[in-house]
Structure formats: C-alpha cells, structure tokens
Amino acid sequence: MSIGLSDRAGAVTGSATMAVSARARELRAAGYRVVGFGAGEPDFPTPDHIVAAAQRACADPVNHRYTSAAGLPELRHLIAQTVLADTGLAVAASDVLVANGAKQAVYLACMVLLNPGDEALVPAPYWTTYPEAVRLAGATPVAVDTDPGQDYKVTPDRLDAHVTPRTKVLFFGSPANPTGTVYTPEETRAIGEWAARRGIWVISDEIYQHLVYDGAVAVSMPVAAPAVRDRCLVIGGVSKTYAMTGWRVGWLYGPAEAVRAAVNLQSHMSSNVSNVAQAAAIAALRAGRPGFDDVLAAYDRRRRLMLHVLQGIRGVDCPTPGGAFYCFPSVRRLLTRTINGRGFASTAELAAFILDEAGVALLPGEAFGAPGCLRLSYALDDQSLQTGLEHLQRLLSSQDIPRAHVH
Ligand SMILES: Cc1ncc(COP(=O)(O)O)c(C=O)c1O
C-alpha cells in the first residue's frame, strides 16, 4: 500500500547493481570466497601525503566551520590550474564548483540545465546515474544505442536519429563507464560541433581522463570542439585518479552563469563539501600525480589479462577498452546456450548464476541500459583477478567448478 511518497521518489530507482552486491555480501558472510569484479573504484589506498594533509586539516579549527558553497578558493584555483596544465583549457577559478563527488556535479548539471519536458540524449551503455539524474530534474532520458562492433561509440548520425525539438542536453564520456570506450580527438570534435550546431548542451564527464592505455589521448570536449564551449559543463574529480572515492570531492566547470546557478543550488542542498576532504584534494592536486605511471601500468596489465581471457571464451565478444578500468563484453551468443544445463533469459540471471556457481561478482548490462552485456571491473589485485578469471573461464566453458569454501 502506498504511504504517499512523491512522484519523484517513485520515478527514481536505486542502484541496479545493489542486488549483486547484496548477494555477494551474503555469500561472503556464509564463508564463501567471492571475487569482486563489480567495484567501480581503485583498489589502491589513497596516497600517504594526501591522508597526512587531511589529518593536519582535521586539527585546524579553521576547518571546523562552514566555508564557501562553491568550494575553498585554493582548491578552485588549483582545479583551474590543473585543467590548464592537463588540457590546455583556460578556466577562471570563479567558474569552478567543488561538489560532493562527480556524482553530485552530474546531478547539479542536470538541475541547472533541464526543465520538465526536456529530453537528454544518453548514449547507451551509460553510467547508471545519468538517466536517474535526468529524471530527478523532471526531464526525460533518451537512450542512444551503440554497437559493440563499433566500440560502443555514438556518431552524429546516430544522435541525429534521436533529436527532437525538446532535446536540450547530450551526455558524453570519454573514457566511458561502463565500456571503457575512448573517443579519438576527431570523433570528440565531430560530436561537440554537432551539439554546437544544434544548440544542445553537452555534459562532458571527464572523471576517467587520466586512465587511458595504448597511447590513447582523451581530449577534453571544450578543447576538441571550442564551438561548444559556451554550452558545455565539464565534470571531473579526484575519485578515480587519486584513489579517493570515499572522500567525496568532484567538480564542475563551464559557462559562468550555469556554474553560478549550480553554486546557488548547492548552497541550499549541502552547503560546502567537507573542508577536510577539500584539504585532501588540495594536497592531491598540488603534488601532481607522482607514481601514477605505475598505477596505470598495473591497470593496463590487468586489462590485458582480463581481455585475453574474455576474448578466449566462446560466445563472449569483448571490444578492447581504451580507458577507465572496465571490460564490457557482449554475451548475447552465450544467452542462447545452456551452462551446466541452465538457460538464461537475461544477463541479470546469468550474473546471479555466475556469482552462485563461480563465486565471481560482476554486473549485468541491464544496469547500464545494455541487456546482453556484462561489466567486469579490473580494479582489483592481480591474485584475485587471476583467480576470478580462472573460475569464470571454467564455468563458462561448462566445466564443473566447486565453490571455494574458506572455512
Ligand atoms: C562516469 C562516472 N562519472 C562519475 C562518477 C562518480 O564519481 P565520484 O566518486 O566523484 O562521485 C563515476 C563513478 O563511478 C563514474 O563512473
């Protein structure tokens, strides 16, 4: 029976990845070893110099008080400087907003750009939060399907097929979650110029900008397509690059008027981001990325291993991800077969089966608007990665595999 919650509450679904995570927790609690390919976060601890800066900030009473809703001035300056150094884009510190993670920045961007009735183009597979943030703003997400055979990339032609007079926003991410797709500078420019020609805003999520492999370069949207700069909000943050997912510091920058509106909104929603977390982000940006090459090399090694195994399994088609830390294979062909006598109506069922039978937690494509696919994160230690892949390979080759009991 309804208890009278708002339409808004009814329209938004919780994270579709929760069911797998909850089952994985149950299995672990029951003593089974579960390898987690589900997490979208680095397995490395936050570097010591960042943690030390936060510890010092805790002890300083200046941080025990409210600060500016837009973020600490020093952090906004550092973000602007870092953007200039990394991308060549000159951004005024006053056009930067510090938010509670890139996730809140995405939500704020939707809230300041979208009216009820507007439509936002969301290339699918998409990060689960995009359509929900669009719905929270009262607007309608419009999925634009892509093809694993074309590395899950959208093109201006595909986008054109989904444009209506109500289209207000296009989501763009490179490298992308969940596919790891990295667009070339030319492809990014073509999409940006397409949006500029049609007067469509671009929310460019660049949270994975530094996680690229094989010499790929993820060019920032307003750099690739200057024509869209006055209608482009860029999202970024420290979560993925600095192993700081739990600290909750992200940002947004773009045209002054839009950023000012987002600051006003944030001032009523959450006030400032925790000063201690901002001090940690200041330490992160100030020191640059020492040791990051080693981190990248570790991800790259794991990416190659996972890709090699997945591409060797019958019925699994996995494009090579150029960035982030995910593989996103299509398993459509697998769904037409049985494994150990079991058939599967969806990848949600297949993911549950893999968890129960092989002790491997991975995420079904349904969570990302891509039924028929699976997402596997390779942000985990080499040993666990190896074990999980072996179990997965054995199960999907229809060989019996006993659950590893750890009592
Ligand atoms: C594409 C994308 N954008 C944003 C975020 C959120 O990052 P944050 O931890 O800074 O909120 C994630 C996290 O998974 C992501 O995958």
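In a reduced charge model with +1 at each Lys and Arg Cβ and -1 at each Asp and Glu Cβ, the chain shows a dipole moment near 460 debye about its Cα centre. Here the Gaussian network model covers the chain, with springs between Cα atoms less than 10 Å apart; of TYR213, TYR66, TYR299, TYR66 fluctuates the most. What translational diffusion coefficient, to the nearest whole µm²/s, does region 262-392 have by Stokes-Einstein, given a Kirkwood radius computed over alpha-carbon pairs, a temperature of 25 °C and 0.890 mPa s viscosity? In µm²/s, the coefficient is 141.
Overall, the ratio between the Cα radius of gyration of region 48-287 and 2.2 N^0.38 Å, rounded to two decimals, is 0.99. Springs between Cα atoms under 10 Å define the GNM used for the chain, and in it the highest mean-square fluctuation of TYR378, TYR32, TYR326 occurs at TYR32. Amide H to amide H distances under 5 Å link LEU170 with LEU121, TRP201, VAL202, ILE203, where only residues 5 or more positions off or on other chains count and H is placed in the peptide plane. For region 283-336, pairs of C-alpha atoms spaced more than 16 angstrom apart make up 52 percent of the total.
Here the translational diffusion coefficient of region 1-60 follows from Stokes-Einstein with Rh set to the Kirkwood radius across Cα pairs; for 37 °C and 0.692 mPa s it amounts to 205 µm²/s. Exposed loop sites here are trypsin sites (Lys or Arg not before Pro) assigned a DSSP state other than H, G, I, E or B and surrounded by at most 10 other beta carbons within 10 Å; excluding them, the longest clear run of the chain is 66-313. Rounded to the nearest 20 debye, the dipole magnitude of region 169-269 is 260 debye, with +1 charges on Lys and Arg beta carbons, -1 on Asp and Glu beta carbons, and the Cα centre as origin. One chain, two ends: ASP356 and ARG28. Fully extended at 0.36 nm per residue, the span grows by 117.0 nm beyond their Cα-Cα distance. Shape analysis of the chain based on the Cα gyration tensor places the equivalent ellipsoid semi-axes at 34, 26, 21 Å, largest first. For the chain, adding -39500 (n - 2.57) for each run of n ≥ 4 DSSP H residues and dividing by the number of residues yields -12500 deg cm²/dmol at 222 nm. Across region 92-109, no residue has a backbone nitrogen under 12 Å from the label position 7 Å along the beta-carbon direction of SER267.
Rounded if a/c is under 1.5, else prolate if a/b beats b/c, else oblate: with a ≥ b ≥ c from the C-alpha gyration tensor eigenvalues square-rooted, which is region 230-330? Prolate, because a/c is 1.5 or more and a/b exceeds b/c.
For region 48-287, the relative contact order comes to 29 percent (Cα pairs under 8 Å, sequence separation of at least 6). Annotation: for a label point projected 7 angstrom from Cα along Cα→Cβ of GLN311, residues of region 123-162 with backbone N closer than 20 Å are 147-153. So what J values fall out for region 219-229 if you push phi through Karplus, 6.51 cos²θ - 1.76 cosθ + 1.60 with θ = phi - 60°, rounded to Hz, Gly and Pro as x? Per residue, the Karplus-derived 3J(HN,Hα) values read 7, 4, 3, x, 7, 5, 10, x, 4, 9, 4 Hz. Modelled spin labels at THR320 and ASP48, positioned 7 Å past Cα toward Cβ, are 3.8 nm from each other. Dividing the convex hull volume of the alpha carbon atoms of region 1-106 by its residue count gives 247 Å³ per residue.
Full extension of the chain between LEU136 and ALA11 yields a length gain of 44.2 nm, computed as 0.36 nm times the residue separation minus the alpha carbon distance. Each Cα pair of region 118-246 feeds into the Kirkwood radius, which the Stokes-Einstein equation turns, at 20 °C and 1.002 mPa s, into a diffusion coefficient of 145 µm²/s.
Work out the FRET efficiency for ARG286 and THR336 from their Cβ-Cβ distance, taking R0 = 56 Å, and round it to the nearest 0.05. For R0 = 56 Å, the calculated efficiency reads 0.55. Summarising the amide proton neighbourhood of VAL360: residues at separation of 5 or more, or on other chains, whose placed amide H is nearer than 5 Å comprise VAL35, LEU355.
Rolling a 1.4 angstrom probe over the protein heavy atoms with all chains in place gives the chain an accessible area of 43 Å² per residue. Among the protein heavy atoms, those of SER174 account for about 10 Å² of accessible surface (1.4 Å probe, every chain in place). Each of VAL309, ILE354, GLN150 was scored by the projection of its Cα onto the charge dipole of the chain, and the greatest displacement toward the positive side belongs to ILE354; charges sit on the C-beta of Lys, Arg, Asp and Glu.
A Cβ-based charge dipole, computed about the Cα centre of region 48-287 with Lys and Arg at +1 and Asp and Glu at -1, lands at about 640 debye.
For the chain, the relative contact order is 23 percent, taking Cα pairs closer than 8 Å that sit 6 or more residues apart in sequence and dividing their mean separation by the residue count. Highest GNM mean-square fluctuation among ALA370, ALA190, ALA99, for the chain modelled with Cα contacts below 10 Å: ALA190. Centre-to-centre separation between the Cα atoms of region 256-276 and those of region 132-159: 27 Å.
The values are calculated or read from the model by the stated rules, or taken from the named source; none is laboratory data. Note that the coordinates shown come from a computational prediction; the quantities given were computed from them, not determined experimentally. Quick reminder, even Gly has a Cβ in these numbers, built from the backbone with ideal geometry, and neighbours come from all protein chains shown. SASA here: full protein model, heavy atoms, side chains in, ligands and nucleic acids out. Shrake-Rupley method; radii C 1.70, N 1.55, O 1.52, S 1.80 Å.
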